[in-house]
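Written below as structure tokens is the structure these notes are about.
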Amino acid sequence: GNSVTQMEGPVTLSEEAFLTINCTYTATGYPSLFWYVQYPGEGLQLLLKATKADDKGSNKGFEATYRKETTSFHLEKGSVQVSDSAVYFCALSGFTGGGNKLTFGTGTQLKVEL
Amino acid sequence: DSGVTQTPKHLITATGQRVTLRCSPRSGDLSVYWYQQSLDQGLQFLIQYYNGEERAKGNILERFSAQQFPDLHSELNLSSLELGDSALYFCASSVGSGSSNEQFFGPGTRLTVL
């Protein structure tokens, strides 16, 4: 079945540092890939997506490239801010016989300090 | 604000009881998804409906059931509740049913079973 593996957290960075959160996946077929962010006490917000190999998703300074050869979708940001502190989830979307579901990684908590 | 609404926000009940969680999708979205988020299991897909029909099923317990009504809102019914059912329950919606469709999440219902 489909699965997503994310790097363990928490990740603690200083403001303006470079961020990488690793994500690898196992899937059959051609899944779409997503990053979601969850702020404390809130629901999940879609951060970015990529629907085919070599696509780059980007939003709010975050980027991730769909790498089929390495089955990866690593999240990067050049300069993090305190407001980026949250839990980040990598997910893949698998089409299952007429339906669809998201398979999530375990989430990576990011803490950004001044 | 994703446009997906969920009620109630919090629910506290006792073991053995039955509860109903309600979700209204974004305007124009035909698909509704239910997910459970717990500390030990992470984010797990439960079930998907598209325009009133069940389309995909995940690890949903037999004690749980869901439906989508003609006005497209959905309800998740949880019965014979156990302590382990305590979790955050999220509803998400998307325009279509395919894997490239972005899913937008509601704020969640926090269920506590005492």
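FYI, it's all coordinate maths here, none of it is from the lab. Every value quoted in this text rests on a predicted model; they were computed, and no experiment measured them. Positions of Cβ are backbone-derived with ideal geometry, glycine not excepted, and every protein chain shown enters the neighbour counts.
Within the range B:10-45, track down each residue that is part of a loop (DSSP other than H, G, I, E, B) and more than 14 Å from B:LEU78 (Cβ to Cβ).
Within the range B:10-45, B:PRO25, B:ARG26, B:SER27, B:GLY28, B:ASP29, B:LEU30, B:LEU39, B:ASP40, B:GLN41 meet the criteria.
Among the listed residues B:LEU30, B:LEU72, B:LEU43, B:LEU11, which satisfies the condition of being touching a residue at least 60 places away in the same chain (Cβ under 8 Å), under 17 Å from B:PHE104 (Cβ atoms) and not basic (Lys, Arg)?
Among B:LEU30, B:LEU72, B:LEU43, B:LEU11, only B:LEU30 is touching a residue at least 60 places away in the same chain (Cβ under 8 Å), under 17 Å from B:PHE104 (Cβ atoms) and not basic (Lys, Arg).
Restricting to the range A:71-102, name every residue that is more than 14 Å from A:CYS23 (Cα to Cα) and more than 12 Å from every other protein chain (Cβ to nearest Cβ).
Those that are more than 14 Å from A:CYS23 (Cα to Cα) and more than 12 Å from every other protein chain (Cβ to nearest Cβ): A:LYS77, A:GLY78, A:SER79, A:VAL80, A:GLN81, A:VAL82, A:SER83, A:ASP84, A:SER85, A:ALA86.
Checking the structure you have, find out if any residue of the range B:98-106 is within 21 Å of A:THR108 (Cα to Cα) and assigned to a strand (DSSP E or B).
yes
Can you say whether B:THR5 is in contact with a strand residue (DSSP E or B) (Cβ under 6 Å, 6 or more places away or on another chain), over 23 Å from A:GLY94 (Cα atoms) and within 12 Å of another protein chain (Cβ to nearest Cβ), as far as the supplied structure shows?
So B:THR5 passes the test.
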